[in-house]
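One structure is given here, and the rest of the page talks about it.
FYI, it's all coordinate maths here, none of it is from the lab. Quick caveat: nothing in here was measured; it's all calculated off a predicted structure. Quick reminder, even Gly has a Cβ in these numbers, built from the backbone with ideal geometry, and neighbours come from all protein chains shown.
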Amino acid sequence: GQTIRLDDYRPTDYAIETVRLDLKLDPKRTQVTSTLSLAARDGTRGGTPLTLDGDALTFVFAELDGKPLSPDDYVATPDAFTLKRPPEGLFELTIGTETNPEGNSALMGLFRSSGTYCTQCEPEGFRRITYFLDRPDVLSVYTTRLEGPKDQVPVLLSNGNPIEEGELADGHHYAVWHDPYPKPSYLFAAVAGNLAHISDTFVTASGRTVDLRIYVEPGKEDRCHWAMDSLKRSMRWDEVRFGREYDLDIFMIVAVSDFNMGAMENKGLNVFNDKYILADPTTATDTDYAGIESVIAHEYFHNWTGDRITCRDWFQLCLKEGLTVFRDQEFTSDERSRPVKRISDVRTLKAHQFPEDAGPLAHPVRPQSYREINNFYTATVYEKGAEIVRMLATRLGEDGFRAGMDLYFERHDGEAATIEDFLACFAEATDTDLDTMLLWYNQAGTPTVTATSSWDAGSSTFTLKLTQNTPSTPGQSEKAPMPIPIRFGLVGPNGDDMEVERIEGAEAAADVLLLSEHEQTVVFHGIGARPVPSLLRGFSAPVRLEADTDTADLLFLLAHDSDPFNRWNAAQTLAMDHLKRSTEAIRRGDTLAADPEFIKALETVATDTGLEPAYRALALQLPAESDVFREIATDVDPAAVSKARTTLKGEIGSALAGTMRDLYDTLQDDGPYHPDPESTGRRALSACALDYLVAGGTDGAEELAKTHFDTARNMTDRLAALSTLAMNRLPSAEPALEDYAKMFEGDALAMDKWLSMQAMIPQPDTLDRVRELMDHPAFSIANPNRVRALIGAFATGNATGFHRADGAGYHFIANIVIELDPKNPQVAARLLAAFRSWRSLEEGRRTLARQELERVAERADLSRDSSDIVSRMLG
Ligand code: HT7
Ligand code: ZN
């Protein structure tokens, strides 16, 4: 495949001012007619040929200014259309193509999901509908006409406002939509089908009334109210926090069941994976409710950060994604709990982005080149991209950050912008030199920051020696030091933060210092007693921190740190230290008992009613097996890690059995279900207590879990109990799984949870179960949600199964990738990424994993998506 490079960027020779798109819908032969009004851009030489992108298109006809073109005037292949000698000035090019929505299993372009016609155009799907300059810097005004049989497609939707509709002969009807906002092709959408909807209104800050609609399969309307509520709260929040109002008279969301990702921010017509719309208490968990709220917010926020201001090219993807993730994270923090949200986001970052950044798929937040852009919708672009925006906000403060955002919206509205444009707004608005921030976008790899400290009683000074080092990553061996904001506190002997008189050796403002060199010595003056430093508060930068804090210091921080993130982090660090040492012991054939002081400290947090329940639940959660793999980094033995973690959990569970039982009992609530943060937290802490009771082998714990399952009045409680039974491999798990299947038979999303749960049972023979489940009616290889639920959960959520010592887990996943790749390359390539840390494995598994990757790589007919991933992985 061809490599696309950022350095090669140049604008198109032609601009497309308007697009008239006409879709005559048919399951197998949809007729597409597009009429483009084109003009050469300034500086384009007269007669320069015009080449439009296509992808697997069937060409039908072409006209220029309303007259048929002779075949000598153009070249039409499935992948491109070239007009050899375009006329001077404005001209109209009309092209007819034909596509087969039903045969479109890749779910890019125009496809059908349970009978509904639906489009997905980001990043390069529009070229699968018609020939176009299919890139984000070509902004056009679209008018779309949809036509089809009224009984099959009673609802016809596209971007913008409805301007015309009418009946036709033969039971057909049509609708015309006009979107006044110029947009790139990736934001185009059309939906047609037999859909029901719920509606509501929103009055904007300036008093305009916006019609809100959520479309779903008929019969599912009752499950859309949480999504609507989330949408209205998102709209208000963007007005209050960022001064951004919605701009069209109608905002529509459509839920479909076959979708490659979570959702898509098409202008005025968001399309969602139904997993992020449908919720009721019996089928959706608290996590689902929170997920819906944040994805709704994310896609809505794209209206300004993505749609009104878009990306100049796909290298700038983080411009819209990192910023919009930051915005949705802030929304959740304001709506729910800031510390809990921050801890969850950092856990996600460390679980997904850190391993990506440390392995063969590492890439800068803004890559320099790509072969397949679909493979760059990654944790690095999204989550690390959001961390960079957060660092800007940390450095500039609330007012400075808002001033920069205001300038960005004002200056670039209606444009396709770059990261340089974005940074310049903050630099100018706050008069700050932000040039080195660009390094965060351009350098891959997670920096390691080391901190060693000493206190000098004589001079009342506390000295912190800081270093930073970013490891080499594919294609980047040398790294420059980056600006790393370190939020800090010096915790005094009484547990309070100490006053600092003066700081030398680093740019510092209030409680944030900036590490900008490879090595810096920072001296804090006026420190009359030895403090315990609390560094990187709130995880102020996406780095690995190696501080010389010993166990006593960590226990002290766990008890006293005023920063809730670092209190939680102290518990995690203590647990991680133990798990690493215990894993080593197990590999030597030895055992290592947990530190009773640590267990006591956990108990103190768990029972501190001054802390919110959701936070206490997070503090009790041990690092996942995958977190331990990442920390061990080389020669990882997954079975030993798994044993170390199970043992520690059992020790805590049995030592704190009484406390956990009390906790469990006091947390039960028989009021009506509501997904608010308080009751969500209570359910999470109760589930955690139950899980420890079972893990500790407490008498009666299995019965308690079974009763919890049987008497649950909402999905959160039911699934938590089922998970405890299944993950601990208790005899009651199997009958409970059967009961669940009977209860939710036919409900695809609820059955996805059932598939995932079984796929994650940490046993070597889970692989056989997964194979069998592939024949269950609840599974389908054609639906991405089902594939992710069963196969994805096994590959990424079951270390014991996937990393089976005999390599059968790797062999299985490689086979699925080979089977899926021709049907849906995006989903296949994502599955393949489960191997991303294969080089860290111990030798036996490493060899087996490599063999499977090589087997995939040898396939001659591999898609560009999968071949790009596998070659980078082996490279
Ligand atoms: N901007 C969207 C990214 C996307 C996507 C969505 C659905 C299907 C395929 C897709 N490829 C890329 C989602 C978002 O970040 O909001
Ligand atoms: Zn997004």
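In table form, for the structure just shown:
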read-out	value
Kirkwood-Stokes translational diffusion coefficient of region 578-697, alpha-carbon pairs, 10 °C, 1.306 mPa s, µm²/s	104
Cross-link partners of Lys24 among lysines (Cα-Cα below 21 Å; sequence separation of 8 or more within a chain)	Lys150
Extent along principal axes [Cα atoms of region 465-504; Å; largest to smallest]	49, 20, 15
Selected from His178, Pro154, Thr119, residue furthest toward positive end of dipole (region 4-194; charges at beta carbon)	Thr119
Ratio of the Cα radius of gyration of region 153-211 to 2.2 N^0.38 Å, where N counts its residues	1.37
Length-normalised contact order for the chain - Cα pairs under 8 Å, 6+ apart - percent	8
Whole-number percent relative contact order across region 310-442, with pairs defined as alpha carbons under 8 Å at least 6 apart	35
Translational diffusion coefficient (Stokes-Einstein; Kirkwood radius from C-alpha pairs) of region 82-232 at 10 °C, 1.306 mPa s, in µm²/s	91
Neighbourhood net charge (14 Å Cβ-Cβ; Lys/Arg +1, Asp/Glu -1) for Gly46	+1
Structure-based [θ]222 nm, the chain - -39500 (n - 2.57) summed over DSSP H runs of at least 4, per residue, nearest 500	-12000 deg cm²/dmol
Positive-end extreme of charge dipole, the chain - chosen from Phe376, Asn569, Phe835 (charges on Cβ)	Phe835
Positive dipole terminus of the chain, leading residue within Gly166, Gly397, Pro364 (C-beta point charges)	Pro364
Gyration tensor (alpha-carbon) shape descriptor, region 358-451, a/c threshold 1.5	oblate
Cα gyration tensor shape for region 391-549, rounded if a/c is under 1.5, else prolate or oblate	oblate
Student exercise, region 449-541 dipole from Lys, Arg, Asp, Glu Cβ charges, in Debye to nearest 20	240
Under the Karplus curve 6.51 cos²θ - 1.76 cosθ + 1.60, θ = phi - 60°, whole-Hz ³J(HN,Hα) for region 275-287, x wherever Gly or Pro sits	4, 9, 10, 7, 8, 9, x, 7, 10, 10, 8, 4, 5
Peptide ranges 35-43, 53-61, 190-198, 471-479 listed from the most packed, as the mean C-beta count within 10 angstrom indicates	190-198, 53-61, 35-43, 471-479
By average C-beta atoms within 10 angstrom, highest first, the peptides 666-679, 702-715	702-715, 666-679
Radius of gyration and Dmax over the Cα atoms of the chain, both given in Å	28.0, 95
Rounded to 10°, Cα long-axis angle of helix 701-711 versus longest principal axis of the chain	30
Hull shadow area, averaged, region 1-62 [alpha-carbon convex hull, nm²]	6.6
Check: the chain dipole with +1 on Lys, Arg Cβ and -1 on Asp, Glu Cβ, in debye	1340
Nearest-ten-degree value, helix 733-744 long axis tilted from longest Cα axis of the chain	30
nm² value of the averaged projected area, convex hull over the Cα atoms of region 621-779	10.5
Percent RCO, i.e. relative contact order, over region 578-697, from Cα pairs under 8 Å lying at least 6 residues apart	33
Pairs of Cα atoms farther than 23 Å apart, region 526-650, %	35
Hull shadow area, averaged, region 449-541 [alpha-carbon convex hull, nm²]	6.1
log10 of Debye I(q)/I(0), alpha-carbon scatterers only, for region 550-591 at 0.28, 0.30 Å⁻¹	-0.84, -0.90
D (Stokes-Einstein, µm²/s), Kirkwood Cα radius, region 751-875, 1.002 mPa s at 20 °C	150
Between 0 and 90°, nearest 10: helix 864-874 axis offset from the chain longest Cα axis	30
By average C-beta atoms within 10 angstrom, highest first, the peptides 779-791, 563-575	563-575, 779-791
Student exercise, region 310-442 dipole from Lys, Arg, Asp, Glu Cβ charges, in Debye to nearest 20	640
